[in-house]
Structure formats: structure tokens, C-alpha cells
Amino acid sequence: MNAMDLTPMITGFTLVEGTCPEHGKSETYLHPRVGAREWYCRACREVVQKAQDEAKWRAERSETLHRIACIPHRYRGQRFQATTPAMKGVRGTVKAFRDAIANGPAWAVLVLMGNVGTGKTLLASELAESLIEGLSMSVRYCTAKQMIAEIQAAYSAEGKSEEMEVLRFVQYGLLILDEIDAKPDRENANLLLTEVINRRYNAEMPVVVITNQPFDNLAKFVGDRVDDRLHENAFVCSFDWPSFRRQA
């Protein structure tokens with residue numbers, strides 16, 4: 001780049017002209033202590049500044065999204081190791097589900113079913129982190145029991161209401177409900193679960209459900225209305241291998 005001093009236009013600064021290989025000639029105000037040799041293209045600087053601002057925004061949003069996602073600490077930053085054809089098939093189904101919800105709101109259900117210790121929550125957590133980092137999508141992980149308890153806690157909390165809490169669980173970009181077959185069978189638990197799932201269904205907001213029960217047996221635990229919606233556009237994964245915790 002070449003540069004030459006022009007008539008000072010701002011007190012203490014000099015208007016310097018230079019040539020950028022990409023944007024051609026342009027002018028920049030520089031302080032005399034900087035000197036003409038430090039000339040920079042304002043268009044290039046704006047591109048760099050915009051990239052820095054976006055990176056800062058993404059970092060801050062990622063931190064916020066990770067905080068509200070409530071991913072179990074044990075599984076943060078961990079990956080599901082697919083070492084068999086069956087495990088690779090499950091990973092492929094999860095990827096297909098991710099692709100289905102990546103381009104905007106869409107009703108889809110990812111069902112992770114199998115015995116305890118087979119990696120269901122681990123893979124769901126990995127999916128959640130990939131959506132947060134890759135798409136800046138809001139995600140919430142909780143058990144069905146925990147979700148219902150949070151909604152019911154609004155009954156005695158000042159400034160909160162059942163409607164507000166239900167709406168909160170509807171608005172997450174993805175809701176992961178672990179142990180959906182182990183929700184409390186008392187008070188209005190069934191009604192609350194039905195309300196959240198039905199509203200997410202109508203708003204085309206996807207869900208992940210994790211269960212130890214066979215998929216076709218879920219109606220006993222979640223009711224017919226929820227079960228019917230969970231069967232529409234469902235990506236079903238069967239974790240039919242022994243618990244990793246019992247392996248030597």
C-alpha cells in the first residue's frame with residue numbers, strides 16, 4: 001500500500017489516503033503518532049470488526065445457552081463412541097433428526113430407548129451441545145419429573161404462573177425429556193405433560209424423549225394423546241446393547 005498526507009480535517013488527526021488491493025483507494029483518519037505508514041483500509045477494518053463483534057456475540061450466546069440447557073455435568077464435552085454397526089446406526093439416525101430440525105421449526109421426535117447405562121443421555125447431551133455450538137439453538141434438558149416439578153412450583157411462587165412455566169418449556173428450540181416413562185403419577189402431572197407436548201406439536205417445536213420402555217409401550221406411561229403425537233415423524237433409536245457401566 002502507498003499513502004500520502006492530505007489536509008488535516010479533524011483536530012489532532014490527519015486524513016491519509018491509501019490503496020487497498022481489494023477495495024481500491026480510500027481515506028482514513030490517523031493520529032499523528034500513528035503515522036501514514038500504519039494506514040489501513042476502512043472497508044477491511046469494518047469487515048474485521050463485524051467478524052469480531054459476531055464472534056463475541058456467539059461466545060456470549062453460547063455461554064448463555066449452555067447455562068439454560070442444564071446438560072448434566074457428567075456428559076458435557078463428551079462424545080458417544082459408536083464402536084458397533086448398531087451404535088453407528090443410532091448415530092446416523094440422530095444425525096438425520098438433527099438435519100430435519102436444523103433449518104427452522106419442524107415437528108420431529110427423536111426417541112432414544114433402551115436399558116440403563118447404554119448411552120442414551122450421553123448421546124442426547126452431545127446432540128444438545130452440537131445444536132448450541134453449531135446453530136445457536138436454545139435447548140433444555142430435564143427429566144419429565146423435573147419439568148413437571150418446575151411448573152408446579154409456580155403455584156406458590158410470587159410473580160410466576162402455571163401458564164408462564166408451560167410457555168417456557170414450549171419456547172425452547174429443542175426440549176429433551178429424559179425418563180419420560182418415570183414422571184410422577186399424581187395431581188395434574190399427566191395434564192401438564194400433555195399440555196407441553198401438545199403446544200410444542202402445534203408450534204412445530206421438536207422434542208427428544210428418552211425412555212427405558214419399548215416405544216410401543218409408552219402410552220401406558222404418557223397417555224394416548226402424548227403417545228399419538230410422539231409417533232408422528234419419529235426418529236426411533238434402540239440402544240439394545242449391554243450397559244457401558246458394567247463393562248470391564
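Here are the numbers for this structure:
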item: Sorted peptide list for 165-172, 229-236, criterion being average Cβ within 10 angstrom, highest first; result: 165-172, 229-236
item: Packing-based order for 213-220, 157-164, using average beta carbon neighbours within 10 Å, highest first; result: 213-220, 157-164
item: Where Rh is the Kirkwood radius over Cα pairs, Rg/Rh for the chain; result: 1.22
item: Lys, Arg +1 and Asp, Glu -1 on Cβ, resulting dipole of the chain about Cα centre, debye, nearest 20; result: 740 debye
item: Packing-based ranking, highest mean first, of 105-115, 85-95, 54-64 given that Cβ atoms within 10 Å are counted; result: 105-115, 85-95, 54-64
item: Furthest towards positive pole of dipole, 167, 156, 221, structure part the chain, Cβ charges; result: 221
item: Rounded to whole Hz, the Karplus (6.51, -1.76, 1.60) HN-Hα couplings of region 101-108, x for glycine and proline; result: 10, 6, 9, x, x, 7, 6, 8
item: Value of [θ]222 nm, deg cm²/dmol, for the chain, DSSP H segments ≥ 4, -39500 (n - 2.57) each, nearest 500; result: -13500 deg cm²/dmol
item: Vicinal HN-Hα couplings computed from phi for region 81-93 (Karplus, 6.51 cos²θ - 1.76 cosθ + 1.60; Hz; Gly/Pro x); result: 8, 8, 10, 10, x, 5, 5, 5, x, 4, 4, x, 5
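Read the figures in this text as sums done on the coordinates, not as results from a lab. Everything numeric in this text was worked out from a predicted model, so none of it was measured. Here the Cβ is made from the backbone with ideal geometry for all residues, glycine too, and neighbour counts use every protein chain on show.
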